[in-house]
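The values are calculated or read from the model by the stated rules, or taken from the named source; none is laboratory data. Not measured: the values here are computed from a predicted model. Here the Cβ positions follow ideal geometry from the backbone for every residue, glycine too, while neighbour counts run over all protein chains shown. Note: areas computed on protein heavy atoms with side chains; ligands, DNA, RNA excluded. Shrake-Rupley method; radii C 1.70, N 1.55, O 1.52, S 1.80 Å.
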Amino acid sequence: LEKVSARAHIVEGLLVALARVDEVIDIVRGAADQKSAREALQENLGTSDEQTDAIMRLQLGQLTRLNKGKLETEQDDLNTKSGQLGDLLEVDNSVYDVMMEEFADLMKKFGTERKSTIEMEDDGELREMDLVKNSRSVIVVTRGGYIKRMPLKTFESQGRGTRGKRGTSEGNDNPDNEIAHCFTCNDHDTLLMVTAKGVAFGLRAYQVPTGSRTAKGQPIPSVLPIRGADTITSILPVTEFLEDEYIVIATEQGWIKKTPLIAFENLTSRGLTIATVAKNDRLNWCHHCRDGDDILLGTSMGCASRFAADSLRPTGRTSRGVISIKLRDGDNVADMNVLGGEENDLLVISASGYGKRISSSEFVAKRRGGMGVIAMKFKQEDDRLRCLRTVSDQDEILVITAKGIMVRQQVSNISCQGRSAKGVLIQKLDTGDSISSVSIVPMSTEIPIND
């Protein structure tokens, strides 16, 4: 507005000079110097200092060529614009009108249909989960009752037979630092954390405290209200609670039961009893299951039994279940897996670091409660089975030892052998160390493999 008013003031002075151009020329020619000419013009024309300076800056030729019509048009435009700008400063509605016009011009010039949608869930409130990226993570739980979460990219893929990379804190002589559970999941998944006494807790994966590879982690009682000597024995990540899915849980002594997954949708960190467990038994496994699936259990002495999941009747949360496999003296269930409709490879790994792949077709489904068949023979008599899982060639595994050494490698590097074969070396172990846990990293995990 100040610039417009200043220009209008100059144009007004030029019009006065143009109307008396002969007089202006005579005054300028007759003046002794510029100061005298400026004073004479102000006295005779009544112009201000700014107007007089503008006239004095013109050469005589320019003064005679000034177009009165153009100056009058410019004066009218400047007066109109000055009035509009003054109106914008004083009247709010004028500002809104200009904004609407500019928005309309922008919409006409750049307006396109929205390529994304905004959907409000529930009552429209922003949830904590909406602010967390759904990344892939590794959850580690130690036997001492510590838990932590690490990005999956922390562990790059390595070759078979390598020593691996430390995944827990130092202090190998402390049994509390031994790895009890290790698995991969999405940060938005719900973790069904089951204890040895049959109590389940619900927790979002991103709520698990993060830690570095060598960090000890946070005590589980600071995350969940676990009481007494009870410990977390199984953790099941759930992406979505579906009505046609079940949870199958099994104990070391071979008891098994099936419960609808939807029954755990509202499970919270306060906990809920999901099974009745005997005093001399432990609830160790919890898996998804659907009608038509088969259940495969492996024992620590290297046997395995397969039977139809339909043979299990869905029961309530507090029931004990039924016998799944007949165990030999001194034997116990070492792993449980759910097999879908298609035949897959099974990964078998022993505590001494040897492993192999077996086709699931070598295990024929029989009645529940049998003794099973041989799944693996051991190189050492005191060796024990640690893993019996379904895998594909594109999967990777994360093998963890009791002293916290981790190695990630391709499943395709492990050879396929028969049930009675002793396997190949999967991980080179230090003296006194043994395989504690094996986690499957599925091929859907999008993570770069560093050379």
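Computed quantities for the displayed model
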| read-out | value |
| --- | --- |
| Taking the chain and dividing mean pair separation by its residue count, relative contact order in percent (alpha carbons under 8 Å, at least six apart) | 14 percent |
| Fraction in percent of alpha-carbon pairs per bin - 10 Å, the chain | 4, 16, 21, 16, 5, 4, 4, 5, 7, 7, 6, 3, 1, 0 |
| Where the chain is the region considered: accessible area per residue in Å², 1.4 Å probe | 54 Å² |
| Theoretical FRET efficiency, 1/(1+(r/R0)^6), r = Cβ-Cβ of SER135 and SER212, R0 22 Å, to 0.05 | 0.85 |
| LYS428 - accessible surface, heavy atoms, 1.4 Å probe, Å² rounded to 10 | 120 Å² |
| Apportionment of accessible area to carbon and sulfur, segment 282-441, percent (1.4 Å) | 44 percent |
| Estimated dipole of the chain in Debye, rounded to 20 [Cβ of Lys and Arg +1, of Asp and Glu -1, Cα centre] | 3800 debye |
| Using θ = phi - 60° and Karplus 6.51 cos²θ - 1.76 cosθ + 1.60, couplings along segment 303-313 (whole Hz; Gly, Pro as x) | 9, 8, 9, 10, 8, 6, 5, 5, 6, 9, 7 |
| Summed residue charge, Cβ within 9 Å of SER415's Cβ, Lys/Arg positive, Asp/Glu negative | +2 |
| Residues in segment 321-353 reached by a label modelled at THR231 [backbone nitrogen below 18 Å; 7 Å Cα→Cβ] | 332-336, 351 |
| Segment 310-451 - share of DSSP beta bridges that are antiparallel (%, nearest 5) | 95 percent |
| Under 13 Å, Cβ to Cβ, from ALA308 - net charge with Lys/Arg +1 and Asp/Glu -1 | +3 |
| Protein accessible area in segment 204-247, 1.4 Å probe - carbon and sulfur % | 45 percent |
| Solvent-accessible area of TYR146 with every protein chain in place, 1.4 Å probe, in Å² to the nearest 10 | 60 Å² |
| Label point distance in nm, GLN42-VAL95, each placed 7 Å from Cα along Cα→Cβ | 3.9 nm |
| Principal-axis tilt of helix 34-45 within the chain, Cα atoms, nearest 10 degrees | 80 degrees |
| Positive-pole candidate from SER222, ASN280, MET100, dipole of the chain, charges at beta carbon | ASN280 |
| 19 Å cut-off, amide nitrogen to a point 7 angstrom out along GLN394 Cα→Cβ, residues in segment 335-358 | 340-347 |
